[in-house]
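Structure record follows, encoded as structure tokens.
The values are calculated or read from the model by the stated rules, or taken from the named source; none is laboratory data. Remember, predicted model here, so these are calculated numbers, not experimental data. Every residue, glycine among them, receives a Cβ derived from its backbone with ideal geometry; neighbour counts consider all protein chains shown.
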């Protein structure tokens, strides 16, 4: 557990919403990219973005106190740090916009009813809402592609035969499967997702096919089915339905790239992500015992838990 003074622990928790919204505003203004070539006065940044210089200074100064951006010795001149540079790559800026925008609105409605607050606050179920807001859908898809390198390494830890057809269910823009097949020239792949998913099929090459559809109805057959951070979006009833649909496709194996909540009080991002999943659509992160129950109920026998990978065989 953290050794921070108790007052610091509580203060950091209390100011969390301010940090989230501040980071979203700065990401929307693309400040990190505007600082890519070096330090700049906040007055220049404000003029370039049409914002109030005093307010922008205050936002950047607050973030700099947490190591996100840094103010030079000359007051009002800011530069990037390693943390702020993340906002220029791999969907981190899109995550900032989501967390500090619509997700923050929905989080304000979180209560102890066990129901998702997103539909009540935003007026529609999350996935339907995304479908009717194409700009937000594009932001979401870019954010979901963030961290694909880490998911790729987790996928690489599976003992592949080398000639399988891999179906990436809910595969989004196909970035994970594309990178994976680059390492496995004898394998082929299918990206399966909703038709409105943002993607560039021309970049898939001749070994990847995009198939549109819903994983509640039917999924394409293949040798292995991969679901990368998909099941945590759903409660047990809907998660079981997805896994049963995959089981009906009769693949050789199931590979889930998901968190497994560890017991105890050690810090773990999945424990907070669990609450976000509740807010959005009554989804949840799961402990190993909960995963075992869910897989058994949907026709799968787990064979491996480790390092963010769950493998299972059809029963």
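Details
Each row is one residue, and each column tells you yes or no for (1) outside any loop (DSSP other than H, G, I, E, B); (2) buried (at least 20 other Cβ atoms within 10 Å of the Cβ).
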{"site": "198", "(1), (2)": "no, no"}
{"site": "202", "(1), (2)": "yes, no"}
{"site": "211", "(1), (2)": "yes, no"}
{"site": "216", "(1), (2)": "no, no"}
{"site": "242", "(1), (2)": "yes, yes"}
{"site": "246", "(1), (2)": "yes, yes"}
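- Residue that is surrounded by the fewest Cβ atoms within 10 Å (Cβ to Cβ) [pool: residues in segment 277-303 that are without any contact (Cβ under 8 Å) to a residue 40 or more places away in the chain and under 20 Å from the mean Cα position of the chain (by Cα)]: 287
- Where helices (runs of 4 or more DSSP H) sit wholly within segment 1-63, those with at least 1 residues that are at pLDDT 95 or above, under 25 Å from the mean Cα position of the chain (by Cα) and buried (at least 18 other Cβ atoms within 10 Å of the Cβ) occupy 16-28, 31-34.
- Any hit, segment 228-238, residues being surrounded by fewer than 15 Cβ atoms within 10 Å (Cβ to Cβ), part of a loop (DSSP other than H, G, I, E, B) and either at positive phi or in contact with a helix residue (DSSP H, G or I) (Cβ under 9 Å, 6 or more places away or on another chain) (or both): no
- Flag if residue 171 is within 25 Å of residue 236 (Cβ to Cβ), modelled with pLDDT under 95 and not in a helix (DSSP H, G or I): yes
- Residues being in a loop (DSSP other than H, G, I, E, B) and within 20 Å of the chain's Cα centre (by Cα) - total across segment 109-130: 4
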